[in-house]
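What follows is a short report on a single structure.
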Amino acid sequence: MNLVFGEFLDNAAAKEAVSRLGELVLEARRQPPLLRDTVIRACDRLSRSLRDEDCIPLLTGMGLSPEKAKAELGYARFVTSREYLTSRLIREFGGTEDGRFTPCGEDRPVRLEWKPLGVLMHIAAGNVDAAPVYSVLEGLLTGNVNILKLPGGDNGLSVLLLKKLIEIEPAIEKYVFVFDFPSADTETLGRIAAVSDAVTVWGGDEAVSAARKLAMPDTKLIEWGHKLSFAYVSGDVGISALEGAAKNICETEQLLCNSCQGVFLDTDDFEEVCRFAERFAAILEKTAESIPSSLPPAVAAQKTLELYTEELEAEPGSKRVYRRGGVSVIAYNDSELTASYAFRNCWVRPLPKDKLLSELSKYKNLLNTAALLCPKKDRAELEALFEKTGVVRITSGERMSRSYCGAPHDGELPLRRYMKLVSYEY
Amino acid sequence: MDNRKKLFTRRDPYKNNDQLREAFLAATRSELSHHIKNCPEYARIAEKQGFRPDDIRTEADLAKIPVIPTLYLKRNRLFSVPESELAVRASSSGTKGSASTVGIDKKSLSLGMRMMTRFFSYHKVISLIPCNYVILSYEPGATDLGAAKTAYGTSKFAPALHREYCLKAVNGKYELNIEGVQKALLRYAKSPFPVRFVGFPAYMYFLARSLRDRGVSLKLNKKSMVILGGGWKQFSGEEIGREAFCALINETLGIGRERILEFYSAAEHPLAYARCSCGHFHVPAYSRVIIRSAYDLSPVENGQTGLLSFVSPLVHSMPITSVVTDDLAVYSDEPCGCGNPAPYFDLIGRAGVSGITTCAAAAAETLGKGAAK
């Protein structure tokens, strides 16, 4: 579904709109600036209008389990609430100071102000249900005109929410364009990129490379590429810490950038890795029972083939597979960081502390979260090691995929990337 | 005559009898003994699964053969003859990034060629009338891809006047040659000879659709033919129904539905299965289909969806007597409306996560080695 100036358009009309997108965008930009307060007020009203009785059936109809639908809805309400947005803006841009100061060595004051980049093109990812909306909301909060390219196989949720937001606050109408062209239509997407000041892209290498090709050198690229996360276990660790990691694995099905893909164990002894893998498989199985899931048969078939292949390849000295009731843990005798097979199938690998830096330094721009599971007294030492790698978040297993208001994304404050600092001096 | 020869060189590939069934079991046993003796990796797998070739006494026992997933072949080399004895090598098209290397020895190849000739002759694909070809696949030369070899090989079933490739090799890389194909097609349409389209269905679809979008409607020689194989692969999001697909081809090229042939094949299982007029893939007497559970690979009842798995004693150079693909299918031995007495399978889809981009798997692409190790 396409959305231009608050109207739904079919693909032919949307194509026509793209052919004169330059004019349309200029028309939007000639509007009075979109004030933060206006956006916050609209979001807050949206937040309060998301009622269980309307939304839960809609979400479960899209294939979410009732528990997941409830959780997603709760999250959507929270991150669009006035309280959240106000707090987030303060976290990212500081308090009320007006940015005036006299620079060192100068005799006159200057004034710095954050201003929107202008026009943002959002190439959204498909792995989080309402991700495209959140990306556009960030663009609106920062006063930008937003052009959203929906991910392939989009479930329609994003457009509905944006349409609702526009109904609540018509001033937003001209700041939101949504297009549903396939990624293969590079000509159209190139036209959209050409009128944008920045292209923000969420997705894997393919999406990021495609965005790099779309954007000319005069267009800023804001990449939120895919990342990998893991748990690090060192020393004596109680069962509850491990259960936390298992919970993350089951809750996220290991599909997110900050989902636990596997566990690195502080040892160089493969037998110890195997003993841990066996223990963790039992914990994972128990946790999985309390968080039911049902895989579509096509996905189940793929997992069956992958695990069977791993079993065929298994060698006592280098790889062992522990399968228990719909979950698996594979012990490998190397220290590589890989994506797991997902859907409750994780790995365990040896990674002694003294090799941590050299091994993890291989992964530039690819690391996200490390769950640090170790006795409290060892935390500082291990944190110091992780800081030197690409890891941008260190937390417990259970909190890996839980965000908090004002949390950086991939080590950066996202809203700042959608703005520029304008300097005024006379 | 040895059992394999007996099985693979028959004029009617579908006709089966007790003698042939015996030959099938005997050939399968003998091939498995050879693989276990000459392929240490397969011997290890067989031992782990407690399997011995003599366990194969009846057709029902075929499911016990240690089955090799195509994924295993994508990640491991598995040969039962010295590599120097391989006559050809081919790679699967590696839809998901990695490709299997398949090597075939001289004897299996010659047997396979005879099987294919008989098979295509049965399906009236072999003709002496020269044809112009549109190859809906890769130009051979810069690739080891089985698909390129198959498509090129298929263009030998009738003498070729000219071949135009959808994917042309330019400086060692492949480029889409839409313009070249369209130009060739207009030229072919004026020639008195039939045109044959061979290769991937997705390319056929895009070609026909682009002709329709441009308002082109050709009436090609009535002996023209479309010969497709290889699945929709990377264009799976675009898949349309078979009826609509045939209608589109008829509308743009004037080729009737009875001259649109579809075959199923895989690099890891180099046999061909033809789709009949009722839409089913019938199983020749030299192959068996087992549908396996998506959860534990055990055989499922007829009519239930599962992973498509084959047993055939054709290939001597690799222990791929029993393979399991990542296609989902159902099997039936009910009589088919087309009159072919052989049992058949229907393709339902592919195993895997479709439409969802997993964050972590995509991140792993950066590492250049696919999901996990």
Rounded to a whole number, the Stokes-Einstein D of region B:279-348 in µm²/s (Kirkwood radius over Cα pairs; 37 °C; 0.692 mPa s) is 262
Rounded to the nearest 100 Å², the accessible area hidden between A and B, summed over both chains at a 1.4 Å probe radius, is 3300
Given 4 °C and 1.567 mPa s, how large is the Stokes-Einstein diffusion coefficient of the protein assembly as shown in µm²/s, with Rh as the Kirkwood radius over Cα pairs?
-> 44
log₁₀ of I(q)/I(0) at q = 0.09, 0.11, 0.13, 0.14 Å⁻¹ - chain B, Debye sum with one point per alpha carbon | -0.53, -0.80, -1.13, -1.30
Lys and Arg at +1, Asp and Glu at -1: neighbours of residue A:276 with Cβ under 14 Å from its Cβ sum to -3
Of the listed peptides A:56-62, B:271-277, what is their order by residue-averaged count of other C-beta atoms within 10 Å, with the highest listed first?
-> B:271-277, A:56-62
Would you be so kind as to list the residues of region A:204-233 that have their accessible area lowered by at least 40 Å² in the full protein complex compared with their chain by itself (1.4 Å probe)?
-> A:205, A:226
In Å², what does the accessible area per residue of the protein assembly as shown work out to with a 1.4 Å probe?
-> 45
Take the cross-link list A:149/A:362; A:163/A:247; A:213/A:364; A:115/A:213; A:163/A:220 and give me the ones stretching past 31 Å between alpha-carbons.
-> A:149/A:362; A:163/A:247
For region A:273-426, with +1 on Lys and Arg beta carbons and -1 on Asp and Glu, the positive-most of A:384, A:363, A:277 along the dipole = A:384
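Where Rh is the Kirkwood radius over the Cα pairs of region A:228-395, the temperature 10 °C and the viscosity 1.306 mPa s, what D in µm²/s does Stokes-Einstein return?
Answer from the Stokes-Einstein relation: 100 µm²/s.
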Do any residues of region A:266-308 lose at least 40 Å² of accessible area when the full set of protein chains is present rather than just their chain alone, and if so which, with a 1.4 Å probe?
-> A:298, A:301, A:302, A:304, A:305, A:308
List the residues of region B:279-327 that lose 30 Å² or more of accessible area once all protein chains are present, compared with their chain alone (1.4 Å probe, heavy atoms only, no ligands or nucleic acids).
-> B:294, B:295, B:297
Count charges around residue A:245 for me, please; just the other residues with Cβ under 15 Å from its Cβ, Lys/Arg as +1, Asp/Glu as -1.
-> +2
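Could you size up the charge dipole of region A:228-395 around its Cα centre, putting +1 on the beta carbon of Lys and Arg and -1 on that of Asp and Glu, and report it in debye to the nearest 20? All intermediate terms of the calculation are to be shown ahead of the outcome.
Numbers: 20 positive and 25 negative charges, 86 e Å.
So the magnitude is around 420 debye.
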Given 20 Å bins starting at zero, what is the percent of C-alpha pairs of chain A in each, up to the one with the largest pair distance?
-> 24, 51, 24, 2
Accessible-area composition of the protein assembly as shown, carbon plus sulfur, in percent [1.4 Å probe] = 51
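Determine the dipole magnitude for the protein assembly as shown: charges of +1 sit on the beta-carbon of Lys and Arg, -1 on that of Asp and Glu, nothing else is charged, the reference point is the Cα centre, and the result goes in debye to the nearest 20.
On the way: 102 positive and 97 negative charges, 511 e Å.
Roughly 2460 debye, rounded to the nearest 20.
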When the Cα atoms of region A:335-426 are enclosed in a convex hull and the volume is divided per residue, what value in Å³ results?
-> 175
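Tell me the Kirkwood hydrodynamic radius of region B:35-138 in angstroms, computed as one over the mean inverse distance between distinct C-alpha pairs.
Result for region B:35-138, one decimal place: 17.0 Å.
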For the cross-link pairs A:319/A:353; A:353/A:388; B:190/B:223; A:353/A:376; A:227/A:376, which exceed 19 Å when the distance is taken from alpha carbon to alpha carbon?
-> A:319/A:353; A:227/A:376
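The values are calculated or read from the model by the stated rules, or taken from the named source; none is laboratory data. Note that the structure is predicted; figures quoted are calculated from it, not measured. We place every Cβ from the backbone using ideal geometry, glycine too, and count neighbours over all the protein chains shown. Surface areas here come from the heavy atoms of the whole protein model, side chains and all, with no ligands, DNA or RNA. Shrake-Rupley method; radii C 1.70, N 1.55, O 1.52, S 1.80 Å.
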